[in-house]
């Protein structure tokens, strides 16, 4: 009887801790908001350094945004059937190259203008497997707003972005079409060798 009570106590305690952890977990919308605000704060704090070294924005994005992206999945999707035709080392290297490519594209959004106003629409489900999309509305003085959508899926360590849509245009689909055309024209190995150096 004592053993049973101890077991129940342990199970109850674990369930309570699990509920606390779940209640403290960030939503997809909160994840995008917090990461974006961290980037904007760093941009303002390091404005002088950025004016001298514009490429420093890549480092900021790499530190604060990249952990929230599933680049492994995105790389597989963008390569499509060609992903199965390359070895593990080539696949890992392509993932790094594609990550760096998207980091540069994403960083430019925050460095191109100043005094932007950012608002959000509530996250919405986009399929039956737990995926959601968070819409970010970015406005600049004298310029109409444009939209950045973040399709995301839940992982054990939080929500992960699996694509970027800028004004309803999927960067993943755009790059997939471009890469598909390049591979057809150059061949897979020449395409891979023509990408930027595989720096971690």
Estimated inter-spin distance, residue 27 and residue 129, nm [label 7 Å along Cα→Cβ] | 2.4
Please report Rg over Rh for segment 118-157, where both radii come from the alpha carbon positions and Rh follows the Kirkwood definition.
-> 1.12
The base-10 log of I(q)/I(0) that the Debye equation returns for segment 82-168 at q = 0.18 Å⁻¹, one scatterer per C-alpha, is -0.96
Gain on full stretching of the segment that runs from residue 84 to residue 139 - 0.36 nm per residue minus C-alpha separation | 15.7 nm
Could you compute the FRET efficiency for residue 48 and residue 92, with r as their C-beta to C-beta distance and R0 at 45 Å, rounded to 0.05?
-> 0.80
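Each value in this text was obtained by applying a stated rule to the coordinates, not by laboratory testing. All values reported here derive from a predicted model rather than from experimental measurement. Using ideal geometry, Cβ is built from the backbone for each residue, glycine included, and neighbour counts are taken over all protein chains shown.
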